[in-house]
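Input: a single structure, listed below in structure tokens.
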Amino acid sequence: MTERTVDAPAIVSAYDWGALGHVVDVGGGDGTLLIALLNEYPALSGTVVDLPATAEVARKMFEAAGLSDRAKAVAGDFLSELPDGAEGYLLSSVLHEWGDDDACAILRNCARAAGEDGAVFVIEPDGAGGRGVPELTACAESAGLVVAAVHTAGTMAIVELAAR
């Protein structure tokens, strides 16, 4: 089991995700977290962006879960371009796997896609790889984002970032 699977219930209950309308799970893997969110919030829709083979697995998972009408999977590279216009962009257990330059580039891409009205949610294990709130704050500022709130989700921290 991945950390994403283990902590999905805690992540789902730590924030009112349904208020967002549409979320993009950046590097969302097989869609496990998005499925949990959509099952809890019937008005929510979402998109997983991941590498082509993984996005195809997510698409099949959405179909098997009966969520194809509210969930889609898009093949893409989060170091380049992301679908824009969603109210929330989730980075769950993603940033700690990248060096500072790439992590900041990923945040910049999320900020650009989110625009002035969207939010970026960095969901990481507490103390993961030294990328805590201070490190995220500096990287977020370079992407035009500020820390709006920090939510606790079991062993995870959800850092909510918004446009300055």
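Phi-derived couplings, Karplus 6.51 cos²θ - 1.76 cosθ + 1.60 at θ = phi - 60°, listed residue by residue for the range 148-164: 8, 6, 10, 10, 8, 9, x, 8, 10, 10, 10, 9, 8, 10, 10, 4, 6 Hz, with x used for Gly and Pro.
The P(r) of the range 77-143 has a tail past 16 Å containing 40 percent of all C-alpha pairs.
Each DSSP beta bridge with both residues in the chain is either parallel or antiparallel, and the antiparallel ones are about 45%.
By the compact-protein rule of thumb, 2.2 N^0.38 Å, the alpha-carbon radius of gyration of the chain corresponds to a ratio of 0.93. 3J(HN,Hα) along the range 26-35: 7, x, x, x, 7, x, 3, 5, 4, 4 Hz, from the Karplus curve 6.51 cos²θ - 1.76 cosθ + 1.60 with θ = phi - 60°, whole Hz, x for Gly and Pro.
Among residues other than GLY18 with Cβ under 11 Å from its Cβ, the summed charge is -3 (Lys and Arg +1, Asp and Glu -1).
Between ALA163 and ALA53, the FRET efficiency estimated from the beta carbon spacing at R0 = 22 angstrom works out to 0.10. With contacts taken as Cα pairs under 8 Å at a separation of at least 6 residues, the chain carries a relative contact order of 21 percent.
The mean sequence distance of close C-alpha pairs (under 8 Å, at least 6 residues apart), as a share of the length of the range 16-93, puts its relative contact order at 39 percent.
Scanning residues 5 or more positions from SER93 or on other chains, those with amide H under 5 Å from its amide H are ILE123, GLU124, with H placed 1.01 Å from N in the peptide plane. Spacing of the modelled spin labels on VAL146 and ASP69, each 7 Å from Cα toward Cβ, amounts to 4.1 nm.
Among GLY46, GLY27, GLY144, the largest mean-square fluctuation in a Gaussian network model of the chain (Cα springs under 10 Å) belongs to GLY144. Using the alpha-carbon atoms, what tilt in degrees (0 to 90, nearest 10) does helix 3-13 show relative to the longest principal axis of the chain? It works out to around 90 degrees. On the beta carbon distance between ASP77 and GLU135, with R0 = 22 Å, the FRET formula returns roughly 0.40.
No lab work stands behind these numbers, since they all come straight from the coordinates. For clarity, every value in this text was computed on a predicted model and none was experimentally measured. Methodologically, a virtual Cβ is constructed for each residue, glycine included, from the backbone with ideal geometry; neighbour enumeration extends over all protein chains shown.
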